[in-house]
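Below: the structure, in structure tokens.
The values are calculated or read from the model by the stated rules, or taken from the named source; none is laboratory data. The model shown is predicted, which means the values in this text are computed figures rather than measured ones. Cβ atoms come from the backbone with ideal geometry, glycine included; neighbour counts cover every protein chain shown.
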Amino acid sequence: MIRSDRLVLRPLEEKDAKDVVAAINFREIARYTRIPFPYTLTDAKNFIGRQEKEALEKRSFAFGIFLREKESLIGGIGIHNINWEDGRGDFGYWLTPAEQGKGYAREAAYALLRHLFYDLQLNRVEIETIPSNRASQRLAQWLGAEKEGFLRKRCCAQEEQQDVFLFGLLGSDFERLDHEGRYRREDRTKKI
């Protein structure tokens with residue numbers, strides 16, 4: 001479990017499946033991700049079961065993003081396809097539409113990245129965004145990630161192959177920006 005000022009990041013459990021469906025079952029989320037729409041209870045249970053297995057194998061760590069005060073699920077965040085030999089993984093996040101624009105994505109991303117770089121000693125995370133997902137690109141850049149490339153037909157979103165921008169963030173860059181005060185509390189809570 002990871003805590004920040006306003007959020008708790010914790011692994012999802014089977015008891016969270018209905019809340020996952022309620023938070024994620026929006027066309028706006030599916031438009032920018034590999035998440036299917038409509039999203040069913042079976043989808044949620046399968047995802048949670050798969051993530052529990054991958055966490056035990058240390059291949060992936062997925063967390064629900066919960067508001068601390070209400071203990072309500074507002075999104076998801078995680079690191080997937082971890083390659084421990086190279087010290088890298090794929091970083092992803094989503095928020096339910098009603099909670100977007102409140103700084104929660106920044107706060108959750110910062111909290112998880114601190115854990116990934118300082119505690120787990122990863123060297124690099126990669127973030128892929130489809131070109132129309134400008135909010136995700138702004139978040140990646142705010143976190144200090146560099147746009148490193150454009151990959152054609154890299155992922156399937158909206159039931160079709162999509163191009164993506166590839167962003168990379170090194171642990172050394174994150175640590176430098178962290179020490180320089182880039183992620184001060186007032187910055188983490190600004191809208192993106």
Quiz item: Which ones in the stretch 38-82 are in contact with a strand residue (DSSP E or B) (Cβ under 6 Å, 6 or more places away or on another chain) and of a type in the set (Phe, Trp, Tyr)?
Solution: Phe61, Phe63, Phe66
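Can Ala23 be described as over 16 Å from Met1 (Cα atoms) and of a type in the set (A, V, I, L, M)? So that I can check it myself, show each step before the final result.
Working: over 16 Å from Met1 (Cα atoms): yes; of a type in the set (A, V, I, L, M): yes.
In short, yes.
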Quiz item: Taking the stretch 36-47, which residues are part of a helix (DSSP H, G or I) and over 15 Å from Gly75 (Cβ atoms)?
Solution: Leu41, Thr42, Asp43, Lys45, Asn46
Self-check item: Subset of the stretch 71-114 (residues that are within 17 Å of Phe174 (Cβ to Cβ) and of a type in the set (A, V, I, L, M))
Solution: Ile77, Ile79, Ile82, Ala105, Ala108, Ala109, Ala111, Leu112, Leu113
Quiz item: Is there any pair linking a residue in the stretch 14-29 that is at negative phi and aliphatic (A, V, I, L, M) to one that is part of a helix (DSSP H, G or I) and surrounded by 19 or more Cβ atoms within 10 Å (Cβ to Cβ), with Cβ under 6 Å and at least six apart or on different chains, and which?
Solution: Ala17/Ala44; Val20/Ala44; Val21/Ala44
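Table: residues versus (1) at pLDDT 95 or above; (2) closer than 30 Å to Tyr39 by Cα; (3) touching an Asp or Glu at 6+ places or on another chain (Cβ under 6 Å).
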| site | (1), (2), (3) |
| --- | --- |
| Tyr104 | yes, yes, no |
| Leu116 | yes, yes, no |
| Asn123 | yes, no, no |
| Glu160 | no, yes, no |
| Phe167 | yes, yes, no |
Practice problem: State which residue pairs qualify: first residue of a type in the set (Ser, Thr, Tyr) and inside the stretch 39-61, second residue assigned to a loop (DSSP other than H, G, I, E, B) in any location, beta carbons under 8 Å apart, and separation of 6 or more residues or different chains. | Solution: Tyr39/Asn25
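Against the definition (part of a strand (DSSP E or B) and either within 17 Å of Gln141 (Cα to Cα) or at pLDDT below 95 (or both)), how does Gly76 come out, yes or no? Walk me through it before giving the result.
On the way: part of a strand (DSSP E or B): yes; either within 17 Å of Gln141 (Cα to Cα) or at pLDDT below 95 (or both): no.
No: the conditions fail for Gly76.
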Quiz prompt | Failed condition for Asp90, given (1) at pLDDT 95 or above; (2) touching a Phe, Trp or Tyr at 6+ places or on another chain (Cβ under 7 Å); (3) charged (D, E, K, R) | solution = (2)
Quiz item: If you check Phe167 against the conditions, is it out of contact with any Leu (no Cβ under 8 Å at 6 or more places or on another chain), without any contact (Cβ under 8 Å) to a residue 60 or more places away in the chain and outside any helix (DSSP H, G or I)?
Solution: yes
Quiz item: Name the pairs whose Cβ atoms lie under 6 Å apart, with the first residue in the stretch 110-122 and within 18 Å of Asp5 (Cα to Cα), the second among the basic types (Lys, Arg), and 6 or more positions between them or separate chains?
Solution: Tyr110/Arg188
Self-check item: The listed residue being surrounded by fewer than 19 Cβ atoms within 10 Å (Cβ to Cβ) and over 22 Å from Glu57 (Cβ atoms), out of Glu107, Glu99
Solution: Glu99
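From the list Ala62, Ala111, exactly one residue is in a helix (DSSP H, G or I) and small (Gly, Ala, Ser). Which is it? Steps first, answer last, please.
Values: Ala62 fails: in a helix (DSSP H, G or I).
Within the list Ala62, Ala111, the selection yields Ala111.
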Practice problem: Within the stretch 8-35, track down each residue that is under 20 Å from His80 (Cβ atoms) and part of a strand (DSSP E or B). | Solution: Leu9, Arg10
